[in-house]
Amino acid sequence: MAPEAPPDAARRVEQLSGLLDRHNRLYYLEDRPEISDAEYDALFRELQDLEARFPTLQRADSPTQRVGAPPAEGFETHPHLSPMLSLDNAMDADELGAFAERIQRMLDREESAAIPLAAEPKLDGAGVELIYEKGVLARGLTRGDGQRGEEVTANLRAVLTIPLRLAGSETIPDLVSVRGEVVLPLAAFRRLNESRVERDLEPFANPRNAAAGSLRMIHDVDQQRLRSLEFRAYTLTEGRPARLKTQIALLELLEGWGFLVSPGSQVCPDLPSAIAYHESLLARRSELPVEIDGTVFKVDELALQAQLGTVSRSPRWAIAFKFPPEQATTVIEAIEVQVGRTGALTPVAKLQPVRVGGVTVSNTSLHNQDEIDRKDVRVGDRVVVQRAGDVIPQVVRVELEARAKSKLEPAPFRLPERCPVCDAEAVRLEGEVVTRCPNIDCPAQLKNNLRHLASRRALDVDGLGEKLVDQLVEQGLVGRLSDLFELDAETLAGLERMGEKSAANLVESLERASHTTLTRFLIALGIRHVGETVALLLAERFGDLDPMLAASAESMAEIDGVGPVIAESVERFFADPRNLAEVERLRKLGLRWEKREPKVPSAAETGPLCGKTFVLTGTLSAPRDEFKRRIEEAGGKVTGSVSKKTDYVVAGEAAGSKARKAEELGVEILDEAGLEALLS
Ligand code: IVH
């Protein structure tokens, strides 16, 4: 009998699942992680341990039961030829030893007969599957949730190190699935971030997020960025010639077909040599052109791999021996508060400069008040900063011992009650973690809004840099966005570091930027929640601004990918007479775009099941795919697991845990007849 779970364990499991889901989303979907891999791994392990101790607490949709996150919207998804697995981690030599013992035991080997392991650097990038049909690249998928990935073939074709046709003189199997990692080499990563900062775009946190983000570019696809990605193959899951006996031979075959593999892969005959390999890799880590975060050890003999098999999310025959996170300690000299474009007050720690993982850190974001409270960070504290594969290092914890020893007990840090720039009273809405300055005339917001308007994805105004924006606002030349388009060369030429030539150039680029698209115009307005994707959806649906202004929030919310929160934000923005006046003034000053035909809404947006989410479970009278297709044709969505967001669970015969979960959550359960009624 499994032990009864105490209530605090249940609570902790709930809390950990919530945290892991959130960090999964930040990492996989939004490409902006807030915690390091090491912190993530620690949370993940804590949950795994609790679930192992109290199996009744394990939910079917627990973050431990899946790989990665569901695919982002905007791409078609496809099933992988076989699931894309993840790897178990070993954090130290003892855990690697335990892995070696485990496989030895499972394969009934004597203690002295070590099983050779293939060692490969663990590349820190984005996993992809490449499918070749008759030797030609047919499809490329991101890992997605491990079962289905996003179809990013077009973007992958631009990656120079991905062969479009397999090389070699031997006959190539009809169907081949090659898996590997797409990485962005460090030099290219640095160049990319420099150019993003120049263009006032948020830099990527690390090369892995940059690689994942690049693969998922939909609009404005930057070919140069794709070309600088690198693909390195690590396995072949379909189309393995029978003569292949080992992992190392498999890597050689892949090289023969034209792939790069993980550099420096080799066989380690026993545990001591595996540990030595790992240590020497760690010592060379900072010299490598790509980021690696550990060593992957795989049982070299393929027949033994097959014998060992797979458990839930990872194979028994492989393990990732992770590098320890790089840490250093330093002192927080001050905490500054920055005001962003939407008025968000972000606390930024000014650190005594310290080197960690090859970069010098002197500031780091503390994110928000909750994060500060959680870590109890105060000015003057000695803190541990960590860079675990991340280029933006984070404060991991305060050295409370050091605080206790010093006589001065610093006061807890609180975000100011008033905006540090305009002195308006700051607000934090119920349920939000962000504290904001609500004053839309706040100079800090205006400056950031101007930078946003000029950014590449918005109006792309050349020559409107950071310092110039500061001057324009501080000298009172620009008090709202539209003022920009009234500037003349003479006024501009009078500014610091502006000659006549650059003034004339700026006027010209403003004129050029005025002839834009509705999508870019919408982005430029800086409406909350309206980024590139949403702006494009709105522009496609309405074709022009006026029909959009006339539309209700409900009709905007019906657009697939928009939803009620965004729709309300758009409605709120245009309901404010000052924003409307701004839009009118911008149009008067020459902002214009081609009008397009509005897109006719599809069934997904108007069908009887529009906006409804279904989960199918149990045995139904026809294949599930059949029901799925009919639900989708009527505008509904079918997902795999039951959550609060599920509208209906369709339960066939012998429905089990999903139906139970639906009951627990109060989700409506239908039988087939009930579904037919909805469909008709
Ligand atoms: S083998 C079933 N080999 O690390 C085996 N993975 O944390 C699955 N990775 O999902 C992976 N370098 O995206 C393997 N040399 C390597 C790798 C590697 C990086 C990634 C891969 C995997 C993840 C697991």
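None of the figures in this text is laboratory data; all of them are computed from the coordinates on show. What you see is a predicted model, and the numbers here were worked out from it, not measured in a lab. Quick reminder, even Gly has a Cβ in these numbers, built from the backbone with ideal geometry, and neighbours come from all protein chains shown.
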If you check each cysteine of the chain for another cysteine whose beta-carbon is under 4.7 Å away, which ones come up empty? Cys268, Cys610
For Val356, enumerate residues with amide H under 5 Å from its amide H, sequence gap 5+ or separate chain, H modeled in the peptide plane. Val361
Would you list, by chain and number, the lysines whose Cα falls below 21 Å from the Cα of Lys122, excluding same-chain residues fewer than 8 positions away? Lys298, Lys322
Any idea how far the Cα center of region 436-502 sits from the one of region 36-63, in Å? 49
Taking H as built 1.01 Å from N, whose amide H comes closer than 5 Å to the amide H of Val396, not counting residues under 5 places away? Val384, Val385, Gln386
Could you check the simple spin-label distance between Arg585 and Asn363, using points 7 Å along Cα→Cβ, in nm with one decimal? 3.0
Per the rule of 0.36 nm per residue minus the C-alpha distance, extending Glu401 to Leu679 adds in nm 93.6 nm
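Listing Met106, Met91 from the residue with the fewest other Cβ atoms within 10 Å to the one with the most, what is the order? If you can, show how the numbers build up before the last one.
Working: Met106 14, Met91 17.
The most exposed by this proxy come first: Met106, Met91.
Mean shadow of region 242-293, computed from the convex hull of its alpha carbons, in nm²? Mind showing how you got there, number by number?
Numbers: hull surface 18.6 nm².
Result: a mean projected hull area of 4.7 nm².
Based solely on its DSSP helices, what 222 nm [θ] is calculated for the chain when runs of n ≥ 4 H residues each add -39,500 (n - 2.57) and the sum is averaged over all residues, nearest 500 deg cm²/dmol? Mind showing how you got there, number by number?
Values: 26 runs with 251 residues, N = 680.
Theoretical 222 nm ellipticity from helices: -10500 deg cm²/dmol.
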Distance from the Cα centre of region 130-178 to that of region 218-297, in angstrom? 17
Which ³J(HN,Hα) values in Hz, rounded to whole numbers, follow from the phi angles of region 476-491 under the Karplus curve 6.51 cos²θ - 1.76 cosθ + 1.60, where θ = phi - 60° and Gly and Pro get x? x, 7, 10, x, 8, 3, 5, 4, 3, 7, 9, 5, 10, 4, 5, 4
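For region 418-554, what is the Kirkwood estimate of the hydrodynamic radius, computed as the reciprocal of the mean inverse distance between distinct Cα atoms, to one decimal in Å? Don't jump to the answer; show the numbers that get you there.
On the way: mean 1/r = 0.0604 Å⁻¹.
Radius from the Kirkwood sum: 16.6 Å.
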Cα-based Debye curve of region 592-660 sampled at q = 0.18 Å⁻¹ gives log₁₀ I(q)/I(0) of -0.69
Can you give me the C-alpha center-to-center distance between region 622-680 and region 307-346, rounded to a whole angstrom? 37
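If packing is taken as the mean number of other Cβ atoms within 10 Å per residue, what is the order of 479-485, 169-175, 45-51, 543-549, highest first?
On the way: 479-485: 18.3, 169-175: 11.9, 45-51: 16.7, 543-549: 15.0.
In decreasing order of mean packing, 479-485, 169-175, 45-51, 543-549 become 479-485, 45-51, 543-549, 169-175.
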Quick one: Debye curve from the C-alpha atoms of the chain, no solvent, what's log10 I(q)/I(0) at q = 0.05, 0.06, 0.09 Å⁻¹? -0.28, -0.41, -0.96
Packing-wise, with mean Cβ within 10 Å as the measure, how do 240-247, 441-448 rank, highest first? 441-448, 240-247
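Taking a temperature of 20 °C and a viscosity of 1.002 mPa s, what whole-number D in µm²/s does Stokes-Einstein yield for region 482-630 with Rh from Kirkwood over alpha carbon pairs? It would help to have the intermediate numbers written out before the result.
Details: Rh = 18.3 Å.
Diffusion coefficient, whole number: 117 µm²/s.
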Compactness relative to 2.2 N^0.38 Å, alpha carbon Rg of region 184-271: 1.45
Fraction of beta bridges assigned by DSSP in the chain that are antiparallel (%, nearest 5): 80
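Note down the net charge around Leu408, summing +1 for each Lys or Arg and -1 for each Asp or Glu among other residues with Cβ under 15 Å from its Cβ. Each step should come with its number before you reach the end.
Working: positive: Arg378, Arg382, Arg403, Lys405, Lys407; negative: Glu333, Asp381, Glu399, Glu401, Glu409.
Its environment carries a net charge of 0.
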Mind listing P(r) for region 422-481? All alpha-carbon pairs, 5 Å bins, whole percents. 4, 18, 23, 19, 16, 12, 7, 2, 0
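Once the other residues with Cβ under 12 Å from the Cβ of Thr246 are scored (Lys, Arg +1; Asp, Glu -1), what is the net sum?
Numbers: positive: Arg240, Arg243, Lys245, Lys298; negative: Glu252, Asp300, Glu301.
Local net charge: +1.
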Check the straight Cα-Cα distances from Lys628 and name the aspartates and glutamates below 14 Å, setting aside those fewer than 8 residues away within the same chain. Glu672, Glu676
How much length, in nm to one decimal, is gained on full extension between Val384 and Glu46, taken as 0.36 nm per residue of separation minus their Cα-Cα distance? 119.5 nm
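Just to confirm a number: summing +1 for Lys and Arg and -1 for Asp and Glu over residues other than Lys350 whose beta-carbon lies under 9 angstrom from that of Lys350, what do you get?
Values: positive: none; negative: Glu333, Glu336.
Every neighbour counted, the sum reads -2.
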For region 497-539, radius of gyration divided by Kirkwood radius, i.e. Rg to Rh on alpha-carbons: 1.19
